[in-house]
Amino acid sequence: MDRGHEETILFEVPTPLGFRVRVTRSCWDLITTIKHPVLAGKESIVKNTLSNSSTDPRKPQRCRLAAFTHPARRDAMRESHAS
């Protein structure tokens, strides 16, 4: 990022995977207006999901993509796969 054009950090949270997720105001605006409008106003849920997420043990560990799942949804997904 160009140091002459600092962006406002909306939130930054640590993940259980050992890295921090930093979201700028402009990034959050893109997420909530274009990509996932349903997330508008739900910053606290997103932060909680990022900081309390876990990895899926069925996924290969060599994958560099981290999929974050809210704890309640993760439990529901486990229950549906158990049957």
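The values are calculated or read from the model by the stated rules, or taken from the named source; none is laboratory data. Worth saying up front: this structure is predicted, and the values here are computed from it rather than measured. Methodologically, a virtual Cβ is constructed for each residue, glycine included, from the backbone with ideal geometry; neighbour enumeration extends over all protein chains shown.
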Log entry, pairs with first residue in the range 33-47 being part of a loop (DSSP other than H, G, I, E, B), second being exposed (fewer than 13 other Cβ atoms within 10 Å of the Cβ) and of a type in the set (Ser, Thr, Tyr), beta carbons closer than 9 Å, six or more apart or on different chains, reads 40/33
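How many of the residues making up the range 36-59 are of a type in the set (D, E, K, R) and at pLDDT 90 or above?
3
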Residue 25: passes all of (1) at pLDDT 90 or above; (2) within 13 Å of the chain's Cα centre (by Cα) but (2)
